[in-house]
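Since the structure comes first, as structure tokens, the remarks are kept for the end.
The values are calculated or read from the model by the stated rules, or taken from the named source; none is laboratory data. These figures come from a predicted structure and were not determined experimentally. Heads up, the Cβs are rebuilt from the backbone with ideal geometry, glycines too, and the neighbour counts pull from every protein chain shown. Just so you know, the surface numbers come from the protein's heavy atoms only, side chains and all, with ligands and any DNA or RNA stripped out. Shrake-Rupley method; radii C 1.70, N 1.55, O 1.52, S 1.80 Å.
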There are 2 protein chains.
Amino acid sequence: MNILPKPVSRLIESFEKLPGVGPKTAQRLAFYLLHVPDRDLENFAHNLTSLKSETVLCEICKNVAEMSPCSLCSDTGRDKSIICVVEQPMDVISIEKTNKFSGLYHVLHGSIDPLNNIGPDEIYIDTLISRIKHSLAVREVIFALNPNMIGEATALYIQKKIRENDVHAKENAITITRLAHGLPMGGDIEYADEITLGRALDGRKGL
Amino acid sequence: MNILPKPVSRLIESFEKLPGVGPKTAQRLAFYLLHVPDRDLENFAHNLTSLKSETVLCEICKNVAEMSPCSLCSDTGRDKSIICVVEQPMDVISIEKTNKFSGLYHVLHGSIDPLNNIGPDEIYIDTLISRIKHSLAVREVIFALNPNMIGEATALYIQKKIRENDVHAKENAITITRLAHGLPMGGDIEYADEITLGRALDGRKGL
């Protein structure tokens, strides 16, 4: 006999589907919500349903937004000559928080990952290429993809595509860059892995 | 300018209110749900609203249930002479999982905690006392409260109340017990705190 009331076990199942939430945490969250005012629960439920119904993907940068074009793409104050290519909408927020970037973004919604059946057509590479092709304003593309194998492979693939489609004369070609690799701030050289340390050496800077 | 779309930041706020969920986790969960099918989101939302609308507190044991009396209280196969007093509905599940208890439960929904303004009237002590008073079948009350100061204080208070209201003759009084304290299984004597070790010594058993 299952002693958990069905409404509780159903909610536990919903929580268990979230990443990083195990059976114990899901149970704790469901029982916690039993003590929460009805109003808050309804609010939570409303926020879940409106998450997708009230957001769209920006037609230009493919970021999640309230309207299309998004507030960043339609902001006349931003530098339209630089596009920063990221994997996920969350990456945009991380980069915005640095206050070091005033260009535009392009969200791929993933990276090329053959092992998980994600090819170049499953992510927004085509829209990036046609975006670059149709705007002569673009002068630089920065890859801010995750520093791992699939991130670097994706950057390589897109770089090739951009070069193939670059309408500029050779001496005026689009600059393609990637974020610097090196030691993370607050890190410890002793514990840095050899690849990071190798890249930090390669990328050393004059003082 | 807030670059997060409102529907996303609203959901992040909802997640942040959950215990053990910080801003980073809340953000991760909200962005994860952007990739989930609409159907699953609606299901999740429905499970949240039905959590309280489709559950009741059992009129007898105050456990969360689909109907009142709950399936445990109305189960004729259970031993009605023993009541196990617990703090939370989750504790019922933990004890049921041991398969060592076939009596009934009583859920207090908290413990007496003056520092947090929770007095004896804020939790279901009265219902427990009247339950014992009106059922001559009850022969034993087991306290399965958390082994900390407020749990022990609550047990002491309820014990006194039960004694005051016990309608049985003195030689036939209700037995009041608590769970054993001692070393947790798989634990290490070296790392056991002195109170636990002291209680383990006090409660030693003949082999």
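Once segment B:138-159 is narrowed to residues that are more than 24 Å from residue B:78 (Cβ to Cβ) and without any contact (Cβ under 8 Å) to a residue 40 or more places away in the chain, the residue that is surrounded by the most Cβ atoms within 10 Å (Cβ to Cβ) is B:150. Do we find that residue B:17 is open to solvent by 30 Å² or more (accessible area, probe 1.4 Å), at pLDDT 90 or above and facing chain A (nearest Cβ under 10 Å) in this structure? For residue B:17, the condition - open to solvent by 30 Å² or more (accessible area, probe 1.4 Å), at pLDDT 90 or above and facing chain A (nearest Cβ under 10 Å) - is met. Among residues of segment A:23-37 being part of a helix (DSSP H, G or I) and open to solvent by 70 Å² or more (accessible area, probe 1.4 Å), the one that is farthest from the other protein chains (Cβ to nearest Cβ) is A:23. Between B:158, B:150, the distinction of being within 23 Å of the chain's Cα centre (by Cα) and under 16 Å from residue B:84 (Cα atoms) belongs to B:158 only.
Scanning segment B:38-47 for residues that are within 27 Å of the chain's Cα centre (by Cα) and more than 7 Å from every other protein chain (Cβ to nearest Cβ) yields a count of 1. For segment A:123-134: of the residues being open to solvent by 70 Å² or more (accessible area, probe 1.4 Å) and in a helix (DSSP H, G or I), which is farthest from residue A:159 (Cα to Cα)? In this case the residue turns out to be A:134.
Do the conditions hold for residue A:120, that is, is it open to solvent by less than 30 Å² (accessible area, probe 1.4 Å) and either more than 14 Å from every other protein chain (Cβ to nearest Cβ) or not hydrophobic (A, V, I, L, M, F, W, C) (or both)? Full working, then the answer.
Values: open to solvent by less than 30 Å² (accessible area, probe 1.4 Å): no; either more than 14 Å from every other protein chain (Cβ to nearest Cβ) or not hydrophobic (A, V, I, L, M, F, W, C) (or both): yes.
When the stated conditions are applied, residue A:120 does not pass them.
Considering segment B:48-97, and only residues there that are assigned to a helix (DSSP H, G or I) and under 30 Å from residue A:47 (Cα atoms), the residue that is farthest from the other protein chains (Cβ to nearest Cβ) turns out to be B:53.
Of all residues in segment B:138-159, those being assigned to a strand (DSSP E or B), of a type outside the set (Asp, Glu) and farther than 15 Å from residue B:110 by Cβ number 2. Name the residues in segment B:84-109 that are under 14 Å from the mean Cα position of the chain (by Cα) and open to solvent by less than 10 Å² (accessible area, probe 1.4 Å), would you? Once the filter is applied, which keeps residues that are under 14 Å from the mean Cα position of the chain (by Cα) and open to solvent by less than 10 Å² (accessible area, probe 1.4 Å), segment B:84-109 yields B:84, B:85, B:86, B:89, B:92, B:105, B:106, B:107, B:108. Only residues that are open to solvent by 60 Å² or more (accessible area, probe 1.4 Å) and in contact with a helix residue (DSSP H, G or I) (Cβ under 9 Å, 6 or more places away or on another chain): list them for segment A:38-51, please. Those that are open to solvent by 60 Å² or more (accessible area, probe 1.4 Å) and in contact with a helix residue (DSSP H, G or I) (Cβ under 9 Å, 6 or more places away or on another chain): A:38, A:40, A:42, A:43, A:46.
Condition test on residue A:68, is it under 30 Å from residue A:176 (Cα atoms) and among the small types (Gly, Ala, Ser)? Taking the combined requirement at face value, the residue satisfies it.
For every residue, the table says whether it meets (1) touching a residue at least 24 places away in the same chain (Cβ under 8 Å); (2) outside any helix (DSSP H, G or I); (3) on the phi < 0 side of the Ramachandran plot.
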| site | (1), (2), (3) |
| --- | --- |
| A:109 | yes, yes, no |
| A:121 | no, no, yes |
| A:136 | yes, yes, yes |
| A:161 | yes, no, yes |
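The requirement of being in a helix (DSSP H, G or I) and open to solvent by 70 Å² or more (accessible area, probe 1.4 Å) is not satisfied by residue B:204.
Restricting to segment B:5-14, count the residues that are open to solvent by 30 Å² or more (accessible area, probe 1.4 Å) and within 7 Å of chain A (Cβ to nearest Cβ). Before the answer, list the steps.
Going through segment B:5-14, the residues open to solvent by 30 Å² or more (accessible area, probe 1.4 Å) turn out to be B:6, B:10, B:13.
From what's left, within 7 Å of chain A (Cβ to nearest Cβ): B:6, B:10.
Matching residues across segment B:5-14 total 2.
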